[in-house]
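Structure record follows, encoded as structure tokens.
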Amino acid sequence: MTIAASRILEASILIVDDQEANVNLLEQMLREAGYARVASTMDPHEVCALHRKHAYDLILLDLQMPGMDGFQVMEGLKTNATDGYLPVLVITAQPGHKLRALHAGARDFISKPFDLVEVKTRIRNMLEVRLLYKALENYSKELEQAVEERTAELRESEARYRGLTELASDWYWEQDEKGEFTKVSGPVLEMLGIRVDALAGTGAVQVAGWNEAERQRLQATIAARQPFLDFVFSRVNADGTEQRFQVSGEPMFNQSCRFIGYRGIGVELGAKK
């Protein structure tokens, strides 16, 4: 990812220095370099309020000012910033202050007296990093929003799918890789009149009355991890009536292509003597 030169020149910059001559020099240098959004203040007490209002891309901050020095300003900015990046480039004539300023949160420093070539280079480099940081942050927010929207769409789609399966079938079901039901919706318990343990009898509990040949065919299909459509199987109840059911199902796999079970729908075809 790169930042266009025009975008860098459109960045907002605040100059903070109690010396009017320094402010004028920096303003003139920046405007001659093409920067269009340059502001300044000689009162360090105004910096936090100004940054809260304008969210500057870069603050050129003098460290030695009466009443409130640059270190105090940076402490105030830390409580004021809306993100984790403090866009401060400090200005100092004291070599011993440079390391302290970096520890306090400044991103870089400019030495007095000014070397204008160095000043312009450091400002441009820091603005490029700052704008890259903001671009990545915005991209992250957009990606998070896209994921949330996609998740909502999937949930809505799933709700519609389940609504359709309820209209087209008597029940919806899911089984795990062991053949045990993990989800059943619809009046399946009342219709089947049995405890739901496994679709094809692979669970621990076997219920009398099922057609064993049909069950074995269904078991073989499931063991082969194959989908099945409108498979009919039947059961003879204790009173001699026969119940017939039709089920359709498909295997489920996770992102690692590991089999995790089956899901499908079923209907009761009717009962007869």
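The values are calculated or read from the model by the stated rules, or taken from the named source; none is laboratory data. Source: prediction; values computed, not measured. In this analysis, Cβ positions are derived from the backbone assuming ideal geometry, glycine residues included, and neighbour counts consider all displayed protein chains.
Looking at segment 170-177, can you tell me whether even one residue there is modelled with pLDDT of 80 or more, assigned to a loop (DSSP other than H, G, I, E, B) and not polar (S, T, N, Q)?
Yes, segment 170-177 contains at least one residue that is modelled with pLDDT of 80 or more, assigned to a loop (DSSP other than H, G, I, E, B) and not polar (S, T, N, Q).
Taking segment 102-121 only, how many residues are closer than 17 Å to residue 15 by Cα and buried (at least 19 other Cβ atoms within 10 Å of the Cβ)?
Qualifying residue count for the region: 5.
How many of the residues making up segment 8-44 are loosely packed, with under 14 Cβ neighbours inside 10 Å and in a helix (DSSP H, G or I)?
6
Are any residues in segment 237-270 within 18 Å of residue 217 (Cα to Cα) and exposed (fewer than 14 other Cβ atoms within 10 Å of the Cβ), and if so, which ones?
Answer for segment 237-270, where residues must be within 18 Å of residue 217 (Cα to Cα) and exposed (fewer than 14 other Cβ atoms within 10 Å of the Cβ): just 250.
For segment 46-59, does any single residue satisfy the condition of being out of contact with any Lys or Arg (no Cβ under 9 Å at 6 or more places or on another chain), more than 30 Å from residue 141 (Cα to Cα) and modelled with pLDDT of 90 or more?
Taking every residue of segment 46-59 in turn, at least one turns out to be out of contact with any Lys or Arg (no Cβ under 9 Å at 6 or more places or on another chain), more than 30 Å from residue 141 (Cα to Cα) and modelled with pLDDT of 90 or more.
For segment 250-269, does any single residue satisfy the condition of being in contact (Cβ under 8 Å) with a residue 60 or more places away in the chain, among the hydroxyl-bearing types (Ser, Thr, Tyr) and assigned to a strand (DSSP E or B)?
Looking through segment 250-269, at least one residue is in contact (Cβ under 8 Å) with a residue 60 or more places away in the chain, among the hydroxyl-bearing types (Ser, Thr, Tyr) and assigned to a strand (DSSP E or B).
Go over the candidates 64, 72 one by one and state the one that is among the polar types (S, T, N, Q), over 18 Å from residue 124 (Cα atoms) and at pLDDT below 90.
64
Identify the residue in segment 78-126 that is among the aliphatic types (A, V, I, L, M) and in contact with an Asp or Glu (Cβ under 6 Å, 6 or more places away or on another chain) and, among all such residues, is nearest to residue 2 (Cα to Cα).
Filtering first and then ranking leaves 126.
I need a count of the residues in segment 45-71 that are in a strand (DSSP E or B) and over 35 Å from the mean Cα position of the chain (by Cα).
Qualifying residue count for the region: 2.
Tell me, which residue of segment 75-92 that is touching a Cys at 6+ places or on another chain (Cβ under 9 Å) and not aliphatic (A, V, I, L, M) is modelled with the lowest pLDDT?
Across segment 75-92, the extreme among qualifying residues is 80.
Which condition number in (1) under 44 Å from the mean Cα position of the chain (by Cα); (2) surrounded by 11 or more Cβ atoms within 10 Å (Cβ to Cβ); (3) at pLDDT below 90; (4) not hydroxyl-bearing (Ser, Thr, Tyr) is the one that residue 233 fails?
Of (1) under 44 Å from the mean Cα position of the chain (by Cα); (2) surrounded by 11 or more Cβ atoms within 10 Å (Cβ to Cβ); (3) at pLDDT below 90; (4) not hydroxyl-bearing (Ser, Thr, Tyr), only one is false for residue 233: (1).
For a quick check of your reading of the model, give me the residue pairs whose first member lies in segment 224-244 and is over 27 Å from residue 178 (Cβ atoms), whose second is hydroxyl-bearing (Ser, Thr, Tyr), with beta-carbon atoms closer than 7 Å and at least 6 apart or on different chains.
Pairs that qualify, where the first residue is over 27 Å from residue 178 (Cβ atoms) and the partner is hydroxyl-bearing (Ser, Thr, Tyr), are 242/234.
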